[in-house]
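A short worksheet on the structure shown next.
The values are calculated or read from the model by the stated rules, or taken from the named source; none is laboratory data. Small disclaimer: the values here were computed from a predicted structure and weren't measured. Every residue, glycine among them, receives a Cβ derived from its backbone with ideal geometry; neighbour counts consider all protein chains shown.
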Amino acid sequence: MKIVVIGGTGFIGSKVVADLSERGHEAVAAAPSTGVNTLTGEGLAEALAGASVVIDVSNAPVWEDAAVLEFFTTSTRNLLAAEAAAGVGHHVALSVVGTERLPDSGYLRAKLAQEKLIADSSIPFSIVHATQFFEFVRGIADGGTEGNEVRMAPVSFQPIAGEDVARVVAEVAVGAPANRTMEIGGPDRFRMDHFFRDALAAWNDPRVVVTDPHARYFGTELSDRSLVPGDEAILGKIHYSDWPGRIPTGE
């Protein structure tokens, strides 16, 4: 089966392409570097010819509110139109757990707009909501840093390995369209401030983690349910305690 992966040269996309190829599918990595641009439509018709499934794991190159909204809505409209013309039977999109619960985030408002376009289209779909990736926890710490302090809310946090995300996305893609949103998260739930206090200690990072109920996560205040999936979520197999990247080489 031919499966086109939009954003297929990126962090998650390259893992999805590798997983699908190992399963025996014709996985095509589509990105501007391979001549496929969803913003302009360049190369879409050629890439999607004969495709049964399209997976969109692309991400916006900028995070400013208006720009990120323009990216996700324009690229998704172009992609859905090209899929309809090519007769694609399943659209799979990767999004974020909590998208509908964090309206103060411009990025997540853009993802929600993207999801609505997908759900309102004529193409059968599956939307996968993932929690934060293990690989991005340092970036989250940096985002909460003020001087020598890392301000974190005492809320639930259930990160997942990128490898698990890619595996589940590939499994969803080769299955029947769900025509709904499903959630995936890591196998363990932590309290966010405790998690980052332990993580920084493991990194030998001198910053101090401060528990702050009003700490903002990329511009939005969190509740205990903001970042965690529901009871029916698919759980990853890799525990953070077993993930090699939790302590960078040489530290």
Single condition VAL68 does not satisfy, out of (1) over 15 Å from LYS111 (Cβ atoms); (2) under 18 Å from the mean Cα position of the chain (by Cα): (1)
Residue match in region 218-233 (condition: closer than 30 Å to SER121 by Cα and free of Cβ contacts under 8 Å to residues at least 40 places away in the same chain): yes
Region 86-137: number of residues that are assigned to a loop (DSSP other than H, G, I, E, B) and among the hydrophobic types (A, V, I, L, M, F, W, C): 4
Single unsatisfied condition, GLY7 versus (1) under 14 Å from the mean Cα position of the chain (by Cα); (2) surrounded by 20 or more Cβ atoms within 10 Å (Cβ to Cβ); (3) at negative phi: (3)
Pairs with Cβ under 6 Å, 6+ apart, first in region 96-123 and hydroxyl-bearing (Ser, Thr, Tyr), second buried (at least 18 other Cβ atoms within 10 Å of the Cβ) and modelled with pLDDT under 95: THR99/LEU108
Tally, over region 46-98, of residues that are among the aliphatic types (A, V, I, L, M) and touching a Ser or Thr at 6+ places or on another chain (Cβ under 6 Å): 4
Pairs with Cβ under 8 Å, 6+ apart, first in region 58-80 and within 18 Å of THR9 (Cα to Cα) and free of Cβ contacts under 8 Å to residues at least 24 places away in the same chain, second aromatic (Phe, Trp, Tyr) and crowded, with 20+ Cβ neighbours inside 10 Å: PRO61/PHE71; VAL62/PHE71
